[in-house]
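Any read-out appearing in this document is the output of simple, stated calculations on the displayed coordinates, not a laboratory observation. Fair warning: this is a prediction, and the values are worked out from it, not measured in the lab. Neighbour counts run over all protein chains shown; Cβ positions are idealised from the backbone, glycine included.
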Ligand SMILES: Nc1ncnc2c1ncn2[C@@H]1O[C@H](COP(=O)(O)OP(=O)(O)O)[C@@H](O)[C@H]1O
Ligand SMILES: [Mg+2]
């Protein structure tokens, strides 16, 4: 079982890449659970649900302890809160503004943390968390992503988004998250690849993939359509290479903490 957190500044493409990675892993026959933690969830739409179906996804209860000794077993959680999408992955929703009461979403994060901490090997090969923007969730209440095996740090070709990734690496090391992988996105090649390479070298961010800007992705998103792997093209090819990289280095190797 692989536990993946997708993090980065707002608007860099976390939900887009979460959807593409989840759908691509599904195509490879993996059982994927994708968790949307955005307060304005739309991962379900990118995975082929309608807007109505996405809005109907039940929000995970707050501050629930998952597992045999907890409030809900993993089976109950998947059965009650999981929605299988047309592109394959099962999607869950961790919080939503209307549910967030006074604005604190810590309870929803605690549930996600518990879910990740629980062994759900029997039910999923990959659990992916599409994180809301920012990095405070890495430190909040013990670290929502404390049990993640790998963080995909999504960056645009801008210094600010690379600096966010660099800060993420430091927080991940404190939490003991073993791997951080930098993923450039929305690159207008070849210039932006060079920009990302330079910025990442300067700030000590490992850059493992550069996903090109793809008009088809932007248009599908605008129209509220699924991001269909059958569309193909360089962006999907790069996601395929990223999965190969994760499967060979993260999943196969003994996990080595960041900084070793
Ligand atoms: N590789 C890409 N090519 C073109 N547009 C992209 C790409 N990745 C993301 N976008 C667009 O950028 C915007 C923000 O993406 P989104 O995934 O919602 O970001 P985040 O989840 O980080 O806030 C959306 O309009 C999306 O369609
Ligand atoms: Mg998002």
Listing 24, 161 from the residue with the fewest other Cβ atoms within 10 Å to the one with the most, what is the order? 24, 161
By Cβ neighbour count within 10 Å, fewest first, 186, 160 rank 160, 186
Exposure-ranked with fewest Cβ neighbours within 10 Å first, 129, 177 stand as 177, 129
From Cα pairs below 8 angstrom and at least 6 apart in sequence, can you work out the relative contact order of region 2-251, rounded to a whole percent? 26
For region 143-260, just list the percent of Cα-Cα distances falling in each 10 Å bin from zero outward, please. 13, 39, 35, 12, 0
Hey, could you get me the Stokes-Einstein D for region 2-251, Kirkwood radius over alpha-carbon pairs, 20 °C and 1.002 mPa s, rounded to whole µm² s⁻¹? 120
